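What follows is a single structure, written as structure tokens, with notes after it.
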Amino acid sequence: MGWAAAMTHDPELVQEIRDREWFHTIDLGDGLVTRGNPPSELLSAPKAIPEVRGQSVLDIGAWDGKYSFEAERAGARRVVALDHFVWRLNPAKLQAYYEACEREGRLPDPDMVGAAFLEVDTVPLKRGFDLAHAYLDSHVEAVVDDFMTMDLNTLGTFDIVFYFGVLYHMINPLGALQRLRSVTGKVAVIETAAVLIPGYPDTSLVEFYAGKERNGDYTNWFAPTEAALHGMCRAAGFGRVETRAARIRPRPPSTAAWRRIVGREGPLSPSNHRLVVHAFP
Ligand SMILES: C[S@@+](CC[C@H](N)C(=O)[O-])C[C@H]1O[C@@H](n2cnc3c(N)ncnc32)[C@H](O)[C@@H]1O
């Protein structure tokens, strides 16, 4: 059926969609829009996402599925939405662990963060994806698995692979890109946190976050400069890499006095840089 089909929806389904807090803002049609984060400016840039019509698409780290459902709406032949961490997560247990670490003055263990607070048999935070899927009568296929450890032969290859907002959460980013390469038929679209070092635009460096320095999130580990991201993609086996969009978000000034000096927007922060690149086999 799909996105624009006129359907009578179960009122309970609609109410749950309205009541829920979402990660993604998804326009479900009929005036129903999920209450999520503002859409990514970068991924809305004209050349950020390639033409998906007739293509097979894999969306790694799909969460509520915005980009999977949009690919389906745009005519993709087949769409697979893959996720596991957020879908399985027990956020209260993870938060309690973070607070215990902070009380004890130690950093969270990356292996604990990545695996210890995931439900085994249930996917509580996949609910948003499932609600949107039901509302849209979607054919997007969901795969609940860890992209870093699953048998990639079971996935196969896809013409277009979305890798949005995932790379900097990886403790082994180069290994992640190697795995990404192995499932990419035509192009991988990588959207990631990055760094820009003023005066040194071509420097190849990767910034490391031992704690929650980047956006207060302990699951953010590494952010590359543009040159490093291109180099990592090449080292992972991609033949050609093109930057399609870049953004530096100004850091808002924290005090009135500082605001008078730097203006409302604030200075450009190298650590708020983000990039979209296309990596071609
Ligand atoms: C910051 S969110 C980005 C969500 C979405 N792709 C977007 O850009 O709006 C990161 C997503 O990657 C998922 N993720 C992290 N590690 C993963 C892994 N090893 N395998 C599959 N998904 C993973 C998380 O569960 C989460 O949904």
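Observations, loosely collected:
- Here's the list of lysines a cross-link from residue 212 could span, going by alpha-carbon distance under 21 Å and ignoring same-chain residues fewer than 8 apart: 93.
- DSSP bridge orientation in region 154-232 - percent antiparallel, rounded to nearest 5: 35 percent
- Residue-span extension gain [residue 78 to residue 210] - 0.36 nm each, minus C-alpha spacing: 43.7 nm
- With a Förster radius of 41 Å applied to the C-beta separation of residue 148 and residue 8, the computed FRET efficiency comes to 0.50.
- For the chain, the spread of Cα positions along each principal axis, largest first, Å: 55, 44, 40
- Estimated [θ] at 222 nm from DSSP helical runs (n ≥ 4, -39500 (n - 2.57)) normalised by residues in the chain, nearest 500: -8000 deg cm²/dmol
- Calculated FRET value between residue 102 and residue 178, using beta carbons and R₀ = 45 Å, to 0.05: 0.85
- Accessible surface for the chain, divided over its residues, is 50 Å² per residue with a 1.4 Å probe.
- Carbon/sulfur fraction of accessible area - region 52-123, other protein chains in place, 1.4 Å, %: 53 percent
- Carbon/sulfur fraction of accessible area - region 124-259, other protein chains in place, 1.4 Å, %: 52 percent
- Its Cα centre serving as origin, the chain has a Cβ charge dipole (Lys and Arg +1, Asp and Glu -1) of approximately 1080 debye.
- Extension gain (nm, one decimal) between residue 15 and residue 53, 0.36 nm per residue minus Cα-Cα: 10.5 nm
- Size estimate for region 1-75 follows the Kirkwood approach: the inverse of mean 1/r over distinct Cα pairs works out to 13.8 Å.
The values are calculated or read from the model by the stated rules, or taken from the named source; none is laboratory data. The model shown is predicted, which means the values in this text are computed figures rather than measured ones. Cβ atoms come from the backbone with ideal geometry, glycine included; neighbour counts cover every protein chain shown. With ligands, DNA and RNA removed, areas are computed over all heavy atoms of the protein, side chains included. Shrake-Rupley method; radii C 1.70, N 1.55, O 1.52, S 1.80 Å.
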